[in-house]
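The values are calculated or read from the model by the stated rules, or taken from the named source; none is laboratory data. On a predicted model such as this, the values are computed, not experimentally measured, just so you know. In this analysis, Cβ positions are derived from the backbone assuming ideal geometry, glycine residues included, and neighbour counts consider all displayed protein chains.
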Amino acid sequence: MGIINTESAEALNLKGLHLFHYAMSNCSQKVRLCLEEKRLEWTSHHVDLTHNEHFTPEYVAINPKAQVPTLIHDGMVIIESSDIIDYLDRTFPERPLRPNVSGDLELMYRWLRLWDDTQTHLKTLSHHHLFGRSRVHQLRPQLERAARIVKNDDLIKFLREYVSDRGLSEERVETATEWIGRVLLQLDARLKDHGWLSGDFFSLADIAWCIDIHRFQLMRFPMPHSALLTWYGRIEMRPSFKKMVLDYEAQVLSQVAAGQRTG
């Protein structure tokens, strides 16, 4: 479980559910969708990654990895989006989002572990295909200063490569592309004979993976997988998806498009 000790007095004093998140972050979208499906009341703290607000000393004091989202529940800090949604579903059992059969529950956790393993590849393709070079000029001036306080070597290494004159390597992009292609085949194979990824109703596994399928659609990643797209289409119609994913990201996408036109 991603419960951490925080050095932030502000975080320790927060009561109720507080989410530090970014509109376009797929990990943040995943947690917001879970909160909405469970109809939980929460307080929003938007962390604007385009202005490097995740690298400020105040935010790093809350989350030393300088990533979003961060959930604070009555002063307790939970990071890592899969741990957060699992915590929410365990702590607030009403409107459960987990199967009640042990085999289906284990399958749900296997899908979540695969989701976690996929995120470095999704980040690669998001920056390569969707964001392009739009974030480079904002990151470069602050990256080395951030590296001195952020406890996340993988993130710093990735961003140094991204802001370099060369950009993300062809090898990194090719590895990510091959990984995603294999994962999509696994998802489609499951959904050819099942309505949901684990059990017989919408679960945390579906929450996690629908967010990534949405991101792959935005980057126009090839997805000739009929069962997968049928499943995603049903989820995309849920009011929670529109409210917590589409409505939040619309403004960010327009900013990215404007940056690409002027970049």
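Quick check, is residue 33 surrounded by 22 or more Cβ atoms within 10 Å (Cβ to Cβ) and assigned to a strand (DSSP E or B)? Judged against the criteria, residue 33 is not a match.
Report, ordered by the first and then the second residue, all pairs with beta carbons closer than 7 Å, sequence separation of six or more or different chains, a first member in region 224-241 that is over 12 Å from residue 214 (Cα atoms) and of a type in the set (Gly, Ala, Ser), and a second member that is modelled with pLDDT of 95 or more and not in a helix (DSSP H, G or I). Between residues of region 224-241 that are over 12 Å from residue 214 (Cα atoms) and of a type in the set (Gly, Ala, Ser) and residues that are modelled with pLDDT of 95 or more and not in a helix (DSSP H, G or I), the close pairs are 227/192. The one condition from (1) in contact (Cβ under 8 Å) with a residue 40 or more places away in the chain; (2) in contact with an Asp or Glu (Cβ under 7 Å, 6 or more places away or on another chain); (3) assigned to a loop (DSSP other than H, G, I, E, B) that residue 196 does not meet is (1). Restricting 19, 14 to those that are of a type in the set (A, V, I, L, M, F, W, C), part of a strand (DSSP E or B) and either on the phi > 0 side of the Ramachandran plot or outside the structural domain of residue 214 (by TED's automatic domain parsing) (or both) reduces the list to 19.
Across region 87-129, the qualifying residues are those that are crowded, with 16+ Cβ neighbours inside 10 Å and among the charged types (D, E, K, R), and the one among them that is farthest from residue 157 (Cα to Cα) is 104. Which one of 16, 2 is surrounded by fewer than 20 Cβ atoms within 10 Å (Cβ to Cβ), of a type in the set (Gly, Ala, Ser) and in contact with a helix residue (DSSP H, G or I) (Cβ under 8 Å, 6 or more places away or on another chain)? Unique residue meeting the criteria: 2. Please go through region 147-168 and give me each residue that is surrounded by 12 or more Cβ atoms within 10 Å (Cβ to Cβ) and either assigned to a helix (DSSP H, G or I) or more than 22 Å from the chain's Cα centre (by Cα) (or both), ordered by number. Across region 147-168, the qualifying residues are 147, 149, 155, 156, 158, 159, 160, 161, 162, 163, 164, 167.
Residues in region 235-249 that are surrounded by 14 or more Cβ atoms within 10 Å (Cβ to Cβ) and among the charged types (D, E, K, R) were compared, and the one that is farthest from residue 193 (Cα to Cα) is 249. Of all residues in region 151-197, those that are farther than 23 Å from residue 54 by Cα and of a type in the set (Ser, Thr, Tyr) total 3. Restricting attention to region 16-45, the residues that are in contact with a strand residue (DSSP E or B) (Cβ under 9 Å, 6 or more places away or on another chain) and under 21 Å from residue 76 (Cβ atoms) add up to 17. Regarding region 133-152, can at least one residue be identified that is of a type in the set (Ser, Thr, Tyr) and within 24 Å of residue 68 (Cβ to Cβ)? The answer is yes, given that some residue of region 133-152 is of a type in the set (Ser, Thr, Tyr) and within 24 Å of residue 68 (Cβ to Cβ). Test residue 139 against the stated conditions and say whether it is surrounded by 13 or more Cβ atoms within 10 Å (Cβ to Cβ) and either of a type in the set (A, V, I, L, M, F, W, C) or in contact (Cβ under 8 Å) with a residue 12 or more places away in the chain (or both). Here the answer is yes, as residue 139 does meet what is asked.
For residue 123, the stated conditions hold: it is under 15 Å from the mean Cα position of the chain (by Cα), part of a helix (DSSP H, G or I) and either of a type outside the set (Gly, Ala, Ser) or over 21 Å from residue 20 (Cα atoms) (or both). Does residue 56 satisfy being surrounded by fewer than 19 Cβ atoms within 10 Å (Cβ to Cβ), under 22 Å from residue 218 (Cβ atoms) and out of contact with any strand residue (DSSP E or B) (no Cβ under 8 Å at 6 or more places or on another chain)? Against the criterion (surrounded by fewer than 19 Cβ atoms within 10 Å (Cβ to Cβ), under 22 Å from residue 218 (Cβ atoms) and out of contact with any strand residue (DSSP E or B) (no Cβ under 8 Å at 6 or more places or on another chain)), residue 56 does not qualify. When each of 171, 144 is tested for being modelled with pLDDT of 95 or more and surrounded by fewer than 17 Cβ atoms within 10 Å (Cβ to Cβ), the lone residue that passes is 171.
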